[in-house]
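We did not get these values from a lab; they are worked out from the coordinates using the rules stated. Quick caveat: nothing in here was measured; it's all calculated off a predicted structure. Cβ coordinates were reconstructed from backbone atoms using ideal geometry, including for glycine residues, and neighbour counts include every protein chain displayed.
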Protein chains: 4
Amino acid sequence: MGSILPTDQVLNIAVAGLGRMGKRHVHTLVGRVPRAKVVAVCSTWDNEVEWAQEAYQGTGIQVFNSYEDMIQLPSLNAVWISTSTDVHASQTLAAINKGLHVLCEKPLSTDLTEAQHVVDVANAHPHLKVMAGYSRRFDASYRAAKEQLAGIGAPFVVRSQTCDLLDDTGFFVRYAARNGGIFVDCCIHDIDLSLFYMGEHLLPKSAFAVGSLQHHPELGPLQDVDNGVGIVEFWGGKIAYFYCSRTQAHGHDVCTEITGTHGKIMVNLIPRTNHVQVAGANGISHAVPEEYWQRFEDAFATEANEFVASVLDDEPVPVKLELGVKGIIIGRALQDSLLSGEVVKFNEKGQRLDGKNSL
Amino acid sequence: MGSILPTDQVLNIAVAGLGRMGKRHVHTLVGRVPRAKVVAVCSTWDNEVEWAQEAYQGTGIQVFNSYEDMIQLPSLNAVWISTSTDVHASQTLAAINKGLHVLCEKPLSTDLTEAQHVVDVANAHPHLKVMAGYSRRFDASYRAAKEQLAGIGAPFVVRSQTCDLLDDTGFFVRYAARNGGIFVDCCIHDIDLSLFYMGEHLLPKSAFAVGSLQHHPELGPLQDVDNGVGIVEFWGGKIAYFYCSRTQAHGHDVCTEITGTHGKIMVNLIPRTNHVQVAGANGISHAVPEEYWQRFEDAFATEANEFVASVLDDEPVPVKLELGVKGIIIGRALQDSLLSGEVVKFNEKGQRLDGKNSL
Amino acid sequence: MGSILPTDQVLNIAVAGLGRMGKRHVHTLVGRVPRAKVVAVCSTWDNEVEWAQEAYQGTGIQVFNSYEDMIQLPSLNAVWISTSTDVHASQTLAAINKGLHVLCEKPLSTDLTEAQHVVDVANAHPHLKVMAGYSRRFDASYRAAKEQLAGIGAPFVVRSQTCDLLDDTGFFVRYAARNGGIFVDCCIHDIDLSLFYMGEHLLPKSAFAVGSLQHHPELGPLQDVDNGVGIVEFWGGKIAYFYCSRTQAHGHDVCTEITGTHGKIMVNLIPRTNHVQVAGANGISHAVPEEYWQRFEDAFATEANEFVASVLDDEPVPVKLELGVKGIIIGRALQDSLLSGEVVKFNEKGQRLDGKNSL
Amino acid sequence: MGSILPTDQVLNIAVAGLGRMGKRHVHTLVGRVPRAKVVAVCSTWDNEVEWAQEAYQGTGIQVFNSYEDMIQLPSLNAVWISTSTDVHASQTLAAINKGLHVLCEKPLSTDLTEAQHVVDVANAHPHLKVMAGYSRRFDASYRAAKEQLAGIGAPFVVRSQTCDLLDDTGFFVRYAARNGGIFVDCCIHDIDLSLFYMGEHLLPKSAFAVGSLQHHPELGPLQDVDNGVGIVEFWGGKIAYFYCSRTQAHGHDVCTEITGTHGKIMVNLIPRTNHVQVAGANGISHAVPEEYWQRFEDAFATEANEFVASVLDDEPVPVKLELGVKGIIIGRALQDSLLSGEVVKFNEKGQRLDGKNSL
């Protein structure tokens, strides 16, 4: 079970951002991470600040309306950055400069140079733990798949999809302008999983993507789509292909298949909320998770516990920060192909032949 | 998500028993129940006491080798009783007498009179929360089934099974002499679920059971079997039937089906550990949970959180203590039928016609 | 694939009974049994005779309104008896006396003595093939289960159910008076499967059943129920338990589980019509077969082809006629227990201690 | 059930080609198509001719070693062409010229001009039924998916795969030189299904494909791969993406998903041979069909019956011949992209911008 017993040493952590995700991170840290203590939260939205002042009253959690002010807190050891993508990099850098450990939600940035800069600065501060939040790597099923990988020979094709329930409120659209597009914002998990299973050393050879606008025509002017399909070919005969959607009718449908020379591993091909099936006049049915939280709540708790343990026990972080950069390179190539209609090609060092968006 | 935020008010709780289950309860309380604080544990086994002194060092958890000593602890508010069945009742009574709230593992007793006495004493102390640990009632799937019950009309048949992985060490056999037999120890969850879904007011009309010894002939002299099948007929045309096994080759296989006049609900007909399936030369396969913990870990956390909340917020306990008694009446009837080969019959008040084991 | 090529030798066969099942047998014989030629059909119902005269016009199939007349047909080699249960035995005997091979639907009779007499007469005519129509033994899944039996060690528990879609027209009720009751009419397939998997030599030790009336109170005066659950204990520590229903909301739900000392085989735990699943706002669902035909159409074709081959190639029939008798003994014991509320017990020779319904 | 009763009018049909598929077509026609009579077969391979002379002895089926000779047979009405792809077109034309109806296996040709010529000639003989053998359109599950299409709103993404069991004998490689490559030979079914569900009128806008050689390096010189992934974008915002493989470890894994604006339909996401699951020490597993025959045997019977009915009843053929041409256009575009590494683009009339392989 792994020891989670708190002793004298506890990590004082703050959560930056109080959107849906930030609130959940507080919930996870308080409810399931005994070696951490939430000492502060912040948001730049007045309504979120007010909500938090009410909700966290009497709990010892300080509420800030400024990230910069929050990280001045002397007792603070670490920060979990859960703000919008465009400030991930600057907030991570600020935290590092204050000597804080950082768990930063994906992606590090939509800008490759900026993302690489974060990695460089983090590497210059080896005593600090800085980790990219690829939460799926902490999911029990994805881990079980990894453990069984040897049984399927050499993996050479990964299919992975991230399909979200249609949100008629169009909530996500307000972030669309700054999240880098569907292949950076949404597909980056799938890209990371393709590396997780086929090899983190893999270099892209070509990328191609197409897309469609089905429910959110307002994404068009933002150069984005609400459904996208892409292929990434890696040097060495490995292939990954992806489907991302913002418009599923049935729920959060996230699955991955890894095909190897001697077998195939499937993760969550038929999504289900729980162990219940109902039979009636319309056949047999089961519920589907509405969103990532129902599917990945446990993974977030594992991620938080392991990040906290890596700090307190001074062990390497479980996900290397460099992986955040590779995901962005590939995600941007797919997004560029989506817009240009052309194949984005890379040389054998993984550098784009068109000179864009590579290091 | 329900507020789990600890404020100034926290429940000081002790865990009695440090067997496999007791250790897990400590783990759950520490890791997932922020409103509780584990202040003490106890065991009468030297090796468990020594293990705990080592494992809980520096955590503030006091380790006792005597239940009676432990409950003297002035700071104590509540105790989770996880010892062997034969002392459940006496320890619960002792705790009540010390003014402690109690969460007692099922069954309250193998002796019906004793179980009823616990209920009577608890009812005489209405300010104390005393709850029977029917953990499945806290499982997300069983709860979802309950919520969907209206969709299947009037439920009239429940099939339920509790089938454990074969344990070649015969670990459970050493408890067999005092656990009341397979239909009291194992089937009691299934009996409770049949009441949960068809009506807690139901009264038994007849019970019949047969059994088989497949791997543990040493159970024979103890008047028990390692596989048993039983039927309970309730007054009003309702039927429950059960299968309990200690000898499954593939894992912990616990499922329940509720048939109603307009549909059927199935819980966990095909057990699976996670969302992974593996395809290879031998077809497509998935893993099965080895034991109840993998299946019900979340349910135990929910149970603990809800029990703690019922105390701190002075709400009714989520499972009425009286249900513990009804389960024992029916479990004993099945066990008696198993041994006699005859049908055990009840009158319309739920009293056994043979005058045994009923109130 | 097995040779099904017709050559000069073809079996001339007649179908007795033109109810739903009889028509389907004609359909199967014409469409999928190239070594057979349907030469005649009969029914005592005027509307069925008229329907057949129209439907089979120009096909060479002669239509009779009398079974006795039909079996005079000189070209006839065999008859498939698909009439109501009460005439199965007499028609089989008449056919044997005319020198015809017989495939008789289950059960041979609701009367044990009559059934045994059919067996005796058939055994006295060894050149004739006389077979009991246990169609499930010809189903690909049940056969695959049989082939994999060695992999689960010694089988010792069989659970099997035959649950039919609720038919609000109450069609089946008009046959209820003469079909022997739910455990003879419906459960007999499950009883046969328990023997198929645990051993055709097994002898019953005890039988107990309960039932409920949910949709068809008119069955009460006929001493029958619309839902029944029963247990059969066999000598040697083997157990079978059954659920039969006439009132399922979702379709034809027929499944079987075989538990052995080293594994378990499941047949059709979650029924499904085809390979389609539909995801939408209400989750993910699939269709369920409405009736036995959708589930067992292929099995009937296999049964017919194998019966025809056994005649033309003079091989033993694939299902021994004696099995028909054992199924009736056990089915009647369950039905008797249902009515009496008592356990029906057998001695070690499989004879009922109460002297009823055994040989 | 549809009438399959043969009357005076029966279709005399010949099967061209006695490879694995041709033999199965004879089997289907004899065993499951009562309105057809197989009068002849042919092969140019001596061993196949010899095998057939033996196997079909006494059945009235004439065996030819020349297609041209066979179609001279005066009694012949129709021919089922099941030879290698490179002679599909010429044999179809020869049959049409002899006044025979034709069911021709896919693809009509690997050469687009030739395929179109077949269509033109067929259209010039409207009294003859000439049909492309897209067998999946006759599968019960694909048809059920089609019937439920209205429930998912407007379909806009189709994912489809045809993945065959690895054949270590490399049997298929000997045909690789003349089958047009993996996207023409294998993917053509998936392409057709994308049109079947999203609209037969759709015109391609772009196509891109990548591939990998995992088990059959000998395909390299033939400009083919053993695993390929491709995307086809259609005008109007519709997308299809495909995975084809010759090297699956677990069996014949053919599935299709149709995503619409209001739901998703899944066909066969988890392939299974039958209704059996086996639980044991390694979890729970089920068998996977080894090849297309186990998955599509019924579809071939339906296809044959419907083709025969279209001739005898003078109804339109169930699959328009023109669809054969569109499949080839798209399949060739994917194959060309695989080889060039570039996107193949089409104008709004569906003509390739590079002038190749379009009409």
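For C:His201, place a label point 7 Å out from Cα along the Cα→Cβ vector, do the same in each other copy, and report the separations in nm, one decimal, smallest first.
5.4, 6.2, 7.1
List the relative contact order of the stretch D:38-151 as a percent without decimals, with contacts defined as Cα pairs under 8 Å and 6+ residues apart.
19
Quick query: amide H of D:Val102 versus all other amide H atoms, modeled in the peptide plane; which residues come in under 5 Å with a sequence gap of 5 or more or a different chain?
So D:Val102 has HN proximity to D:Val79, D:Lys129, D:Val130, D:Met131.
Cα gyration tensor of the stretch D:213-252, axes a ≥ b ≥ c as square roots of the eigenvalues: rounded (a/c below 1.5), prolate (a/b > b/c) or oblate?
It comes out oblate by the Cα gyration axes.
Just check the stretch B:253-314 against the gyration tensor rule for me: Cα atoms, a ≥ b ≥ c as the square roots of the eigenvalues, rounded for a/c under 1.5, and otherwise prolate or oblate depending on whether a/b exceeds b/c.
oblate
Considering the Cα trace of the stretch D:135-197, what is its radius of gyration and what is Dmax, both in angstroms?
Cα only, the stretch D:135-197: 14.8, 45 Å (Rg, Dmax).
Kindly provide the helix-only [θ] at 222 nm of the protein assembly as shown, computed as the sum of -39,500 (n - 2.57) over DSSP H runs of four or more divided by all residues, to the nearest 500 deg cm²/dmol?
Helices in the protein assembly as shown give a 222 nm mean residue ellipticity of -9500 deg cm²/dmol.
When averaged across all projection directions, what area in nm² does the alpha-carbon convex hull of the stretch A:203-297 cover?
For the stretch A:203-297, averaging the hull's shadow over all directions gives 9.5 nm².
Among B:Thr28, B:Thr261, which comes first, then next, by fewest other beta-carbon atoms within 10 Å?
Starting with the residue having the fewest Cβ neighbours, the order is B:Thr261, B:Thr28.
What average count of beta carbons from other chains do you get within 10 Å of the Cβ of residues in A:256-269?
The shielding value for this peptide is 6.
Across the stretch C:1-82, what fraction of all alpha-carbon pairs, as a whole percent, falls in each successive 5 Å bin from zero upward?
Spelled out bin by bin, the stretch C:1-82 gives 3, 16, 28, 26, 15, 7, 3, 1, 0 percent.
Are there any GluC sites (Glu not before Pro) in the stretch C:54-124 that are in a DSSP loop and have at most 14 other Cβ atoms within 10 Å? List them by number.
Counting only loop positions with at most 14 other Cβ atoms within 10 Å, none of the GluC sites (Glu not before Pro) in the stretch C:54-124 qualifies.
So what is the relative contact order of chain D, in percent, for Cα pairs below 8 Å that sit 6 or more residues apart?
It rounds to 19 percent for chain D.
Order the peptides A:348-355, D:346-353 from the highest to the lowest mean number of other Cβ atoms within 10 Å of their residues.
With the highest mean Cβ count within 10 Å placed first, the list reads D:346-353, A:348-355.
Given H placed on each backbone N at 1.01 Å, which residues far from A:Ala36 in sequence or on other chains put an amide H within less than 5 Å of it?
The answer is A:Leu11.
What whole-number distance in Å separates the alpha-carbon centres of the stretch B:244-297 and the stretch B:18-32?
24
Please state the relative contact order of the stretch C:257-321 as a whole percent: Cα pairs under 8 Å, 6+ residues apart?
Value for the stretch C:257-321: 16 percent.
Could you name the aspartates and glutamates whose alpha carbon sits less than 12 Å from that of B:Lys146, not counting residues in the same chain fewer than 8 places away?
Partners within reach: B:Glu257.
So if we plug the beta-carbon distance of C:Lys320 and A:Glu200 into 1/(1 + (r/R0)^6) with R0 = 60 Å, what FRET efficiency do we get, rounded to 0.05?
The computed FRET efficiency comes out at 0.45.
State, to one decimal in nm², a quarter of the convex hull surface area for the C-alpha atoms of the stretch C:101-260, i.e. the direction-averaged projected area.
Its Cα hull, projected and averaged over all orientations, spans 10.7 nm².
Axis carrying B onto A: which residue of B has the nearest Cβ, and how far, whole Å?
Taking Cβ atoms only, the nearest residue and its distance are B:Arg32, 3.
How many times 2.2 N^0.38 Å is the alpha carbon radius of gyration of the stretch B:43-181?
1.29
Treating the point 7 Å from Cα along Cα-beta-carbon as the label, what are the nm separations from B:Gln351 to the other copies, to one decimal?
Its label point is 4.2, 9.4, 9.7 nm from the equivalent points in the other copies.
Note down the Stokes-Einstein diffusion coefficient of chain B in µm²/s, whole number, using a Kirkwood radius over alpha carbon pairs, 4 °C, and 1.567 mPa s.
The calculation lands on 61 µm²/s.
Rounded to the nearest 0.05, what FRET efficiency do D:Ala124 and D:Thr169 have when you use their Cβ-Cβ distance and R0 = 45 Å?
0.60
Give a residue-ordered list of calculated ³J(HN,Hα) values for the stretch A:225-240 (Karplus: 6.51 cos²θ - 1.76 cosθ + 1.60, θ = phi - 60°; whole Hz; x for Gly, Pro).
After applying 6.51 cos²θ - 1.76 cosθ + 1.60, I find 10, 9, 9, x, 10, x, 10, 10, 9, 9, 4, x, x, 9, 9, 10 Hz.
If neighbour count is taken as other Cβ atoms inside 10 Å, put D:Ser75, A:Ser245 in order from fewest to most.
Fewest to most other Cβ atoms nearby, the residues stand as D:Ser75, A:Ser245.
If I build a Gaussian network model for chain B, linking alpha-carbon pairs within less than 10 angstrom, which residue out of B:Gly324, B:Gly181, B:Gly151 has the largest mean-square fluctuation?
Sorting by GNM fluctuation, first place goes to B:Gly151.
How long are the semi-axes of the ellipsoid equivalent to the stretch B:314-359, from square roots of 5 times the Cα gyration tensor eigenvalues, in whole Å, largest first?
Over the Cα atoms of the stretch B:314-359, the semi-axes work out to 27, 12, 7 Å.
What would the Debye formula give as log10 I(q)/I(0) at q = 0.07, 0.09 Å⁻¹ for the alpha-carbon point model of the protein assembly as shown, no solvent?
Taken in order of the listed q values, log10 I(q)/I(0) reads -0.88, -1.32.
Any lysines with Cα under 28 Å of the C:Lys37 Cα? List them, leaving off those in the same chain fewer than 8 positions away.
Output for C:Lys37: C:Lys23, C:Lys98, C:Lys106, C:Lys129, C:Lys320, D:Lys23, D:Lys37.
Springs between alpha-carbon pairs under 10 angstrom, Gaussian network model over chain D: which of D:Asn47, D:Asn12, D:Asn65 fluctuates most?
Ranking D:Asn47, D:Asn12, D:Asn65 by mean-square fluctuation puts D:Asn47 first.
Using the 10 angstrom Cβ neighbour count as an exposure proxy, how do D:His27, C:His262, C:His250 rank, fewest first?
By the 10 Å Cβ count, ascending: C:His262, D:His27, C:His250.
Shape of the stretch A:226-359 from its Cα gyration tensor (a ≥ b ≥ c, root eigenvalues): rounded if a/c is under 1.5, otherwise prolate when a/b > b/c, or oblate?
Note, shape of the stretch A:226-359 comes out oblate.
Among B:His88, B:His275, B:His101, which one shows the highest mean-square fluctuation when chain B is modelled as a Gaussian network with alpha-carbon springs under 10 Å?
Fluctuation is largest for B:His275.
Loop only by DSSP, 12 or fewer other Cβ within 10 Å of the Cβ. Give me the chymotrypsin sites (Phe, Trp or Tyr not before Pro) in the stretch A:148-192 that pass, ordered by residue number.
Those that pass, being in a loop and sparsely packed, are A:Phe171.
Between B:Leu213 and D:Trp293, what is the spin-label point distance in nm, taking each point 7 Å from the Cα along the Cα→C-beta axis?
So the label points at B:Leu213 and D:Trp293 sit 5.1 nm apart.
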